[in-house]
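Engineer: For reference, the structure I am asking about is given below.
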Amino acid sequence: MVHETVRRMINTLVTDLIQQSERNIAAQKPITIEEVRSAPAMIAYSVEVDEQQRELKNFLRIHLYRHYRVLRMSAKAQRIISDLFGIFMADSRLLPPQFQHLAEHDRARAVSDYIAGMTDRYAIREHRRIFAVEEIPAGF
């Protein structure tokens, strides 16, 4: 039900945007780029759908994006990324070999590219591998 509801909402938004934009362009009939630039916005939702999408955004902002659980996860993600960036910038030998080579020329770019290529799960595991303090097995 959730996926179908989201699919229908997206379809409504896209369809309305296309149809209203076509009406706006037909009404303005711009010929030159200057006419496009000086005209009111032509790519827009209808008044009704614009109001609905604003209400939806406000609802999501309050009940989803600013929900304490989401904010906690965001704080954790920021901490993980910040920690990884800091440790790799401090010691590029901790990077995989192909990124160590890139770091010789531009460390910040190499570290950024490495982190940007991580999935959420991989970043969490990488953080644990580097920062977790675990017992060393006997006989190591």
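Engineer: Please report, in whole Å, how far the alpha carbons of the chain spread along each principal axis, starting with the longest.
Structural biologist: Result for the chain: principal-axis Cα extents of 78, 41, 22 Å.
Engineer: Sticking with this one: How much mean residue ellipticity at 222 nm does the chain get from its helices, if each DSSP H run of length 4 or more adds -39500 (n - 2.57) and you divide by all residues, to the nearest 500 deg cm²/dmol?
Structural biologist: Estimated from H runs of four or more residues: -23000 deg cm²/dmol.
Engineer: Calculate how steeply helix 107-116 sits against the longest principal axis of the alpha-carbon atoms of the chain, using the helix alpha-carbon long axis, and give the answer as 0 to 90 degrees to the nearest 10.
Structural biologist: Once rounded, one gets 70 degrees.
Engineer: Could you give the accessible area per residue of the stretch 30-70, probe 1.4 Å, as a whole number in Å²? Spell out each step's value before the answer.
Structural biologist: On the way: 3510 Å² over 41 residues.
The answer is 86 Å² per residue.
Engineer: Please find the FRET efficiency linking Arg121 to Val14, where r is the Cβ-Cβ separation and R0 is fixed at 41 Å, and quote it to the nearest 0.05.
Structural biologist: 0.85
Engineer: Using the crude model of +1 on Lys and Arg Cβ and -1 on Asp and Glu Cβ, and no other charge, please compute the dipole size for the chain relative to its Cα centre, in debye to 20.
Structural biologist: 400
Engineer: In sequence order, what are the phi-derived ³J(HN,Hα) couplings for the stretch 73-83 according to the Karplus relation 6.51 cos²θ - 1.76 cosθ + 1.60 with θ = phi - 60°, rounded to whole Hz, with x for glycine and proline?
Structural biologist: 5, 5, 5, 5, 4, 4, 5, 4, 5, 4, 4
Engineer: Using the charge dipole of the stretch 1-97 (Lys, Arg: +1 at Cβ; Asp, Glu: -1 at Cβ; taken about the Cα centre), state which of Ala90, Asn24, Val70 has its Cα farthest towards the positive end.
Structural biologist: Ala90
Engineer: Sticking with this structure for a sec: How tilted is helix 2-28 with respect to the longest principal axis of the chain? Cα atoms for both, answer in degrees (0 to 90, nearest 10).
Structural biologist: Roughly 50 degrees, rounded to the nearest 10.
Engineer: Follow-up. Within the chain, which is the longest segment containing none of the GluC sites (Glu not before Pro) that sit in a DSSP loop and have at most 16 other Cβ atoms within 10 Å?
Structural biologist: 1-103
The values are calculated or read from the model by the stated rules, or taken from the named source; none is laboratory data. Computed from a predicted structure; not experimentally measured. All Cβ positions, even for glycine, are placed from backbone atoms using ideal geometry, and neighbour counts span all protein chains on display. Accessible surface is based on the protein model in full, side chains and every heavy atom, while ligands, DNA and RNA are left aside. Shrake-Rupley method; radii C 1.70, N 1.55, O 1.52, S 1.80 Å.
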